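S.K.: Please find one structure pasted underneath; my questions will follow.
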């Protein structure tokens, strides 16, 4: 940044060289773009009114500037439009602080003397060289390109240096990396073991829930069977009692058949034995009166 500022200051100083010319000289007036031009008009004691005209096409339409008492009449000066701050008159000398290419041309000076006479003098002004603004622009552009290249080169060396720097301690970094890898693998194994343990616990809990559910189902089936048995038991008891009652009725009926209207039948013990070749039957009749 300081280098750029110094170059700009140097160019500005070089651009402020002063060139002196006069309407009394025989040859043209040469100046360089951006230079300071001091143009000697006449002695202040020899004029009452001066008029400078740049001869381009015709006398009536060419730009003109009137000077009186070392002062430019701004209302009657269209020669240095938009540059009046850079143009001044001092002791009959027209001063242009920074000439431009448009200042080139043929000028005619008309001097009105106090005795009423009028004199004319011509001068050719030639502006040469390159505009300092263009030079500064080109120089700044070149400096910008050089600065960008330097930044790229510096970044390249910085990156290369940082990439080569760790090589001095490669073994230590490799060991640290291996240790980190082992730690990471151990952590991964621990996580896997924890996950397996959680899975086993979950499976065991699931099996326990299934066993409990099966046990509950068996208990429920057993209770259902018990209820069914309890419902069937009264029917069995009723059937047993009913069969016993029927046996008693049959026995009583036989007894009534054996004893009917006072008729008694005696049955010997032999009748209880299995039948033989002949049957001994004894009948007795008892008559009651």
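S.K.: Separation between the residue 136 and residue 60 pseudo-spin-labels, each 7 Å from Cα along Cα→Cβ, expressed in nm?
M.R.: With each label placed 7 Å out from Cα toward Cβ, I get 4.3 nm.
S.K.: Between residue 93 and residue 147, how high is the FRET efficiency from 1/(1 + (r/R0)^6) when r is the Cβ-Cβ distance and R₀ = 35 Å? Nearest 0.05.
M.R.: Working: r = 43 Å, r/R0 = 1.24.
After rounding to 0.05, the efficiency reads 0.20.
S.K.: Applying 1/(1 + (r/R0)^6) with R0 = 51 Å to the Cβ-Cβ distance of residue 86 and residue 178, what FRET efficiency is obtained, to the nearest 0.05?
M.R.: Working: r = 77 Å, r/R0 = 1.51.
The calculated FRET efficiency here is 0.10.
S.K.: For residue 20 and residue 243 in one chain, what is 0.36 nm times their gap in residues minus the Cα-Cα distance, to one decimal in nm? Could you put the intermediate results ahead of the total?
M.R.: Working: separation 223, 0.36 × 223 = 80.28 nm, distance 16.37 nm.
Here the segment from residue 20 to residue 243 would lengthen by 63.9 nm.
S.K.: With each label point set 7 Å from Cα along the Cα-Cβ vector, what nm distance links residue 69 and residue 128?
M.R.: Taking the two extended label points, one gets 4.1 nm.
S.K.: How many nm is it between the label spots at residue 195 and residue 115, if each spot is 7 Å from the Cα in line with the beta carbon?
M.R.: 12.0
S.K.: Same structure again: No solvent, one uniform scatterer per C-alpha: report log10 I(q)/I(0) for the range 13-129 via the Debye equation at q = 0.16, 0.18, 0.22 1/Å, two decimals.
M.R.: Here the Debye-derived log intensity ratios amount to -0.72, -0.92, -1.41.
S.K.: Applying 1/(1 + (r/R0)^6) with R0 = 45 Å to the Cβ-Cβ distance of residue 232 and residue 212, what FRET efficiency is obtained, to the nearest 0.05?
M.R.: 0.90
S.K.: Here's another thing I want to ask about it. Per Stokes-Einstein, at 20 °C and 1.002 mPa s, what whole-number D in µm² s⁻¹ belongs to the range 175-231, with the Kirkwood radius over Cα pairs as the hydrodynamic radius?
M.R.: So the translational diffusion coefficient is about 140 µm²/s.
S.K.: I would also like to ask the following. Tell me the relative contact order for the range 54-106 as a rounded percent, counting alpha carbon contacts under 8 Å between residues six or more apart. Working shown, then result.
M.R.: Working: 52 pairs, mean separation 16.2, N = 53.
Relative contact order here is 30 percent.
Values quoted throughout were computed directly from the atomic coordinates according to the rules given, and no laboratory measurement underlies them. Just so it is clear, the structure is predicted and the values come from calculations on it, not from any experiment. A quick note on method: Cβ atoms are made from the backbone with ideal geometry, for glycine too, and the neighbour counts reach across all protein chains shown.
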